[in-house]
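Colleague: Below: one structure in structure tokens.
The values are calculated or read from the model by the stated rules, or taken from the named source; none is laboratory data. Since the model is a prediction, treat every value here as computed from it, not as a measurement. When we count neighbours, we look across all protein chains shown, and the Cβ atoms used for this are built from the backbone with ideal geometry, even at glycine. Heavy atoms of the whole protein, side chains included, go into the accessibility calculation; ligands, DNA and RNA do not. Shrake-Rupley method; radii C 1.70, N 1.55, O 1.52, S 1.80 Å.
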Amino acid sequence: MAEQLKAVKGMNDILPPDSARWEWLEDTVRALMRRYGYQNVRVPIVEPTALFVRGLGEVTDIVEKEMYSFEDSLNGDKLTLRPEGTAGVVRAVNEHSFLYEGGRRLYYIGPMFRHERPQKGRYRQFHQVGAEVLGFAGPDVDAEIILMSAALWRDLGLAVGDDVRLEINSLGQPDERRAHREALIAYLQSHEALLDEEARRRLHSNPLRILDTKNPALQPVVEGAPRLIDFLGEASLAHFEAVKATLDASGIAYRVNPRLVRGMDYYNLTVFEWITERLGSQGTVCGGGRYDGLIEQLGGKKPAPAVGWGLGIERLLLLLEEVGKIPAPVAPDAFAVVLAGTPLAPVMTTLEALRAQGVSVVLNPAGKDGPASPKSQFKKADASGARFALVFGPDEASRGEVAIKPLRDGGEQCLAPLADVAVWASSLRTAG
């Protein structure tokens, strides 16, 4: 017997009925994006390794520890399975001169890959929704993209403030971060004896990330560290105040978190995270911010501003399940029960006519010895959740009829001419 092959650890199959949840969430996202004028973009799963090293930063956790990188055995190219979506979108925009005619609002849905320890809500192949707005510099776009994420929570039935809460910060501009960086390094050096091994390693390469440590023992040191917001100039502060004013006017509650830095090096000015307390340590549901320097950094012909966010689908589905907002699977409208001795041709033409009218119908396929027993078929019809059973029997077929049996509301079974099936379909749609 051949050895059974299994999926790679941390890369999971998504099967029915769970896949219906994904479709529902993706449909909700697409409807939201249409309302805000975003267009779908699809970029390759495999990209040049240099794209992520340059885009995310050599000393980020993703580049140092988590990327699936390999050398193409056919031509020696150094390639990586994408660990996030923004860098690939920016590469595509640059390569195709996509900002030539002005700014763009784009979104994507798809798999990402990071070599992490698999746990609930965090996998090696995971899926993200991302929204990217490129070519617009004003704080109105920062606010809009945050408001759009809040609209998504409402569409999904999540309560802002209870199920998810918003934290925001400003990282300013590069010269402001450099001044803060010098002060931060000096401060951390004065407390070096208290730093853990990871913090010491990052002290000179990426000290800002030390502020994002999850080590409880370092929290007193972090709380006393110089705050980046205190180093911001007039323009950066004005940008941040404009974002906050729009959120205030829209009734979106938030907390300014001066330690919020995000995980990638490309961010500047506004950064934000939507956080939940309902999933234990897996707190961040959605995060993003402005990345004005990335387009030029990745080879754009001229600098261009940009802002965006990403959310993890697996983690969001966990949250929706936790708060009871996952909808029930969509059941078919009808289930076809075909009795022994019934001609197949009128059955199939009737079902196709119904489907052409937008009615979903499931046929119970016959086995090699013919149709299953009526009892077995009705049991399957009931389990399917269908509202009606369409019973095709030899007697009905001889008269050109089909029996329509309600399965959910206790109504009476009736007979309908096959020629009038479109009329019945229309009344079914009208009744909802």
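Colleague: Can you send over the carbon and sulfur percentage of the accessible area for the range 1-139, probe radius 1.4 Å, protein chains only?
Modeller: Answer for the range 1-139: carbon and sulfur cover 51 percent of the accessible area.
Colleague: Let me ask you something else. What's the carbon and sulfur percent of the range 368-432's accessible surface, probe 1.4 angstrom, rounded to a whole number?
Modeller: 53 percent
Colleague: So for the range 1-75, considering every pair of alpha-carbon atoms, how many percent are separated by more than 19 Å?
Modeller: The proportion of pairs with Cα distances above 19 Å equals 67 percent.
Colleague: For the chain, take the longest principal axis of its alpha carbons; what is the angle in degrees between that and the long axis of helix 374-384, to the nearest 10 within 0 to 90?
Modeller: Tilt of helix 374-384: around 30 degrees.
Colleague: Continuing with this model, one more query. Hey, could you get me the Stokes-Einstein D for the range 352-422, Kirkwood radius over alpha-carbon pairs, 25 °C and 0.890 mPa s, rounded to whole µm² s⁻¹?
Modeller: Using the Kirkwood radius from Cα pairs, D works out to 186 µm²/s.
Colleague: Quick one: which residues, 5 or more positions from residue 128 or on another chain, have an amide H under 5 Å from its amide H? H modelled 1.01 Å from N in the peptide plane, none for Pro or chain starts.
Modeller: Amide H neighbours of residue 128, under 5 Å, 5+ apart: 110, 112, 313.
Colleague: While we're on this one: Could you work out [θ]222 nm for the chain from helices alone, using -39500 (n - 2.57) per DSSP H run of at least four and dividing by all its residues? Round to the nearest 500 deg cm²/dmol.
Modeller: -10500 deg cm²/dmol
Colleague: Same structure, new question: At 1.4 Å probe size, with no ligands or nucleic acids counted, give the accessible surface of residue 26 in Å², nearest ten.
Modeller: Accessible area, nearest 10 Å²: 40 Å².
Colleague: Suppose all protein chains stay in the model; what accessible area per residue would a 1.4 Å probe give for the chain, in Å²?
Modeller: Solvent-accessible surface per residue comes out at 50 Å².
Colleague: While we're on this one: In what sequence, highest mean first, do 300-313, 124-137, 90-103, 155-168 appear when ranked by Cβ atoms within 10 angstrom? Walk me through the numbers before you get to the answer.
Modeller: Working: 300-313: 19.5, 124-137: 21.4, 90-103: 15.6, 155-168: 17.7.
In decreasing order of mean packing, 300-313, 124-137, 90-103, 155-168 become 124-137, 300-313, 155-168, 90-103.
Colleague: Hey, another quick one. For the range 277-432, compute the orientation-averaged projected area of the C-alpha convex hull (one quarter of its surface), in nm².
Modeller: Computing the convex hull of the Cα atoms and averaging its projections yields 16.9 nm².
Colleague: What Kirkwood hydrodynamic radius do you get for the chain when you take the inverse of the mean 1/r over all pairs of distinct Cα atoms, in Å?
Modeller: 25.4 Å
Colleague: Once neighbouring chains are kept in place and the probe is 1.4 Å, which whole percent of the accessible area of the range 210-335 is contributed by carbon and sulfur? Before the final figure, lay out each step's value.
Modeller: Working: 2750 of 5310 Å².
Reported share for carbon and sulfur atoms: 52 percent.
Colleague: Is the shape of the range 79-172 best called rounded, prolate or oblate, per the rule: a/c under 1.5 gives rounded, else a/b larger than b/c gives prolate, else oblate, with a ≥ b ≥ c the square roots of the Cα gyration tensor eigenvalues?
Modeller: oblate
Colleague: Moving to a separate point now. Which residue fluctuates most in the GNM of the chain (Cα springs below 10 Å): 76, 341, 367?
Modeller: It is 367.
Colleague: Using only protein heavy atoms and a 1.4 Å probe, report how much of residue 414 is accessible, in Å² to the nearest 10.
Modeller: So the heavy atoms of residue 414 present about 60 Å² to solvent.
Colleague: For the range 153-200, just say rounded, prolate or oblate: build the C-alpha gyration tensor, square-root its eigenvalues into a ≥ b ≥ c, call rounded for a/c under 1.5, and beyond that prolate if a/b exceeds b/c, oblate if not. Write out the running numbers ahead of the final one.
Modeller: Values: a/c = 4.73, a/b = 2.05, b/c = 2.31.
Oblate shape, in that a/c is at least 1.5 and b/c is the bigger or equal ratio.
Colleague: If you don't mind, there's one more thing I want to ask. Would you work out if the range 314-397 is rounded, prolate or oblate? Take a ≥ b ≥ c from the square roots of the eigenvalues of the alpha-carbon gyration tensor; rounded if a/c is under 1.5, else prolate when a/b is larger than b/c, oblate otherwise.
Modeller: prolate
Colleague: When the Kirkwood radius is taken over all Cα pairs of the range 171-292, what Stokes-Einstein diffusion coefficient follows at 20 °C and 1.002 mPa s, in µm²/s?
Modeller: Using the Kirkwood radius from Cα pairs, D works out to 138 µm²/s.
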